[in-house]
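Accompanying notes for the structure given below.
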């Protein structure tokens, strides 16, 4: 059997598409999300589905331990859980800022912490952190979201350097405009509409999933440090 792949935020969007793609290729999976019913509804074989809030490190660790007891060590963690709220910094709800920081930053760190030491001990493993084009450049109404995704890039690159001699790969995948539930999280309908304007076509989650799988399936001695994938017509 192929090695275990763990995915956070696996109930929809990029996480769901990645789960389906890896399952088709024969990988056993640990799927984590707050909406356990959506994970179960995927109906994939060789899967452990766990209700997990990534802001709670103990929930991730418990899920990892349960899946590893069944399928062996996590060889790939896809840190996909994330949240996007667009808004103007002078009137955006502070709770939206706090939630983005907790999920987009601490959620990623909690996932890393649950698997990294074991990967280093085995000198084998890959962590793929899903960032965003908004982690490489800034956009209006994205101030805090950009900040969280810039943090993902910085944390990923720093940790990558620190664990490189342990033969562990740390990869950042940064999608541009993608058709996921993220845009619907924004409380302003106007901002939801504006987000789509002028792009001329957006990515589908399966497009990003293919990039994730490509990066992971390189030989362990090869680390594709970063993939930026956007719609061809996205100019910014």
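The values are calculated or read from the model by the stated rules, or taken from the named source; none is laboratory data. None of these values were measured; they are calculated from a predicted model. Cβ atoms come from the backbone with ideal geometry, glycine included; neighbour counts cover every protein chain shown.
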Quiz item: Does segment 196-213 contain at least one residue that is crowded, with 21+ Cβ neighbours inside 10 Å, touching a strand residue (DSSP E or B) at 6+ places or on another chain (Cβ under 9 Å) and either modelled with pLDDT under 95 or at positive phi (or both)?
Solution: yes
Quiz item: With segment 1-91 as the region, which helices (runs of 4 or more DSSP H) entirely inside it contain at least 2 residues that are free of Cβ contacts under 8 Å to residues at least 24 places away in the same chain and out of contact with any strand residue (DSSP E or B) (no Cβ under 6 Å at 6 or more places or on another chain)?
Solution: 36-41, 57-71
Practice problem: Kindly check whether there is at least one residue in segment 169-177 that is over 13 Å from the mean Cα position of the chain (by Cα), at pLDDT 95 or above and either crowded, with 17+ Cβ neighbours inside 10 Å or over 20 Å from residue 138 (Cβ atoms) (or both). | Solution: yes
Exercise. With the condition kept exactly as written, say whether any residue in segment 149-168 is assigned to a helix (DSSP H, G or I), buried (at least 19 other Cβ atoms within 10 Å of the Cβ) and at pLDDT below 95.
Key: no
Self-check item: Qualifying residue in segment 117-124 (condition: surrounded by fewer than 16 Cβ atoms within 10 Å (Cβ to Cβ), without any contact (Cβ under 8 Å) to a residue 60 or more places away in the chain and within 19 Å of the chain's Cα centre (by Cα))
Solution: no
Quiz item: How many residues are part of a helix (DSSP H, G or I), out of contact with any strand residue (DSSP E or B) (no Cβ under 9 Å at 6 or more places or on another chain) and in contact (Cβ under 8 Å) with a residue 24 or more places away in the chain when one looks only at segment 129-146?
Solution: 3
Quiz item: Is segment 95-103 home to any residue that is within 16 Å of residue 30 (Cβ to Cβ), in contact with a helix residue (DSSP H, G or I) (Cβ under 8 Å, 6 or more places away or on another chain) and part of a helix (DSSP H, G or I)?
Solution: no
Quiz item: What is the residue count in segment 43-63 for residues that are closer than 23 Å to residue 1 by Cβ and surrounded by fewer than 16 Cβ atoms within 10 Å (Cβ to Cβ)?
Solution: 4
